[in-house]
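Right, one structure below, let's go through it.
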Amino acid sequence: NVGAKDDLAKVAQIMSGQEEVEERAAARTAAARLNVAGGAGGATVPELLHEARAKGRAVGAFNVYNLEGALAVRRAAESTGLPALLQLHPASMHFGGTALIAACLDVANGCAAPLLVQLDHADGESDVLSALAAGVHGVMLDGCRKPLEENRRWTASLAQRVHAAGASVEAELGLLAGEEDGLSVAEKDAKMTDPAVVASFLAATKVDALAVTIGNVHGKYAVSPPLLDWARLDAVRAEAGDTPLVLHGASGLPEEQIRRAIRASICKFNVNTEVRAAARAAVAARAAEGKDVLDVMGGAVEAMVPVVAAKMMSFAPDER
């Protein structure tokens, strides 16, 4: 029986499928708001970075490419009790849309330790907006290939939109040499961070964290130990005020350089190469043994966990 106009409207909605569509949209919006608000642990990315710096530590940010990578970082975070970031390169979105972001958010929300999700090295507006709609907690805006003034304007404009969505912003000054996820920068084209422009860049863009270039590279270092410009880092720190500093290319850095960077207020390290190498080796070995797909996937997780956990512990020297 339909006894009122409201009932008729309800029936029409159900028959047309409108109610189901609206419910799904509301659920997606609520989930995105929950995720942006901090996910597991209830913290934001800037809060994790400030807390780490206050404790003389740094947060490990690990690039992942599939569910196995995300699960490995979660297991490492839970085993160490330390916070971490799951980072995704826009190339993963070009491969599979926002599916990996959704998987990472689900993994993060189920983690017993603070675990957040950030889009890494985003240089396109559409990627940033798609990631925000999917619910990432932070975005690294990569305008470092642009001239300084253009980088400043572009970063400031997008940072406003990221902050309006409730997420945080990391930017970069300087250009790292090396190769990562199909992006390659020759050593001759790399540019160090200029301390003289740091304060004005931060004031104009209002970003939450700044990635610096002091001789660090993406991928493998040509010499060991790497030749890092510590005087430049100290000068950048003096100009950056309270803004957390980030060092990309932490794979291959010896522990003494990690401790030196933390003493100079680096409070986030990006790690990719070592974890990816462990996964690839494990997959190749298990595939060669004739293992089935789930065994191969499980082997990749098992291989990555100790690498991630060791990095996380090296970023928290007071825990050792």
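The values are calculated or read from the model by the stated rules, or taken from the named source; none is laboratory data. On a predicted model such as this, the values are computed, not experimentally measured, just so you know. Every residue, glycine among them, receives a Cβ derived from its backbone with ideal geometry; neighbour counts consider all protein chains shown. Remember, those area values only see protein heavy atoms, side chains included, never the ligands or the DNA or RNA. Shrake-Rupley method; radii C 1.70, N 1.55, O 1.52, S 1.80 Å.
Greater than 23 Å separation of Cα atoms is the criterion. Which listed pairs, K55/K146; K268/K311; K55/K268; K55/K191, meet it?
Details: K55/K146 35 Å; K268/K311 12 Å; K55/K268 13 Å; K55/K191 31 Å.
Distance filter (> 23 Å) returns K55/K146; K55/K191.
Within segment 55-93, list the residues whose amide N lies under 17 Å from a label point set 7 Å along Cα→Cβ of E302.
Only 68-69, 71-73, 75-76 pass the distance filter.
Give me the accessible area of V305, 1.4 Å probe, in Å² rounded to the nearest 10.
20 Å²
Quick check: pseudo-label points 7 Å beyond the Cα along Cα→Cβ at H163 and D229, how many nm apart are they?
2.9 nm
List the residues, sorted by chain then number, that are 5 or more residues from V59 or on another chain and whose placed amide H is less than 5 Å from its amide H.
Distant-sequence amide H within range of V59: K268, F269.
Over the Cα atoms of segment 261-320, what Rg and Dmax result, in angstrom?
According to the Cα coordinates of segment 261-320, Rg and Dmax are 14.9, 48 Å.
Give the Rg (one decimal place) followed by the Dmax (whole number) of segment 54-102, computed from C-alpha coordinates and expressed in Å.
Final numbers for Rg and Dmax: 12.4, 38 Å.
Which GluC sites (Glu not before Pro) does segment 238-320 hold that lie in a coil by DSSP with at most 14 other beta carbons within 10 Å?
On the way: sites: E239, E255, E256, E274, E289, E302, E319; in loops: E289.
Those satisfying the criteria are E289.
Can you pull the accessible area of H50 for me, 1.4 Å probe, Å² to the nearest 10?
My reading of the accessible area for H50 is about 60 Å².
On a full-extension model of 0.36 nm per residue, what is the gain between D242 and D292, subtracting their alpha-carbon distance, rounded to one decimal in nm? Numbers along the way, then the final one.
Working: separation 50, 0.36 × 50 = 18.00 nm, distance 5.03 nm.
Using 0.36 nm per residue and subtracting the Cα-Cα distance, I get 13.0 nm.
Sketch the reach of a paramagnetic label on A99 as a point 7 Å from Cα along Cα-to-Cβ, and name the residues of segment 54-73 whose backbone nitrogen lies under 11 Å away.
So the set is 67.
Please calculate the 1.4 Å probe accessible area of D295, with all protein chains present, and give it to the nearest 10 Å².
80 Å²
Considering amide H positions built from the backbone, and no H for Pro or chain starts, which residues 5 or more places from V169, or on another chain, come under 5 Å of its amide H?
Amide H neighbours of V169, under 5 Å, 5+ apart: V139, D208, A209.
I'd like the Kirkwood hydrodynamic radius of segment 201-320, using the inverse of the mean 1/r over distinct C-alpha pairs, in Å. Can you show the working numbers first?
Numbers: mean 1/r = 0.0620 Å⁻¹.
The answer is 16.1 Å.
Give me a comma-separated list of calculated 3J(HN,Hα) values for segment 295-303, in order, Karplus coefficients 6.51, -1.76, 1.60 applied at θ = phi - 60°, integers in Hz, x for any Gly or Pro.
So the J values, rounded to whole Hz, are 5, 5, 4, x, x, 5, 4, 4, 6.
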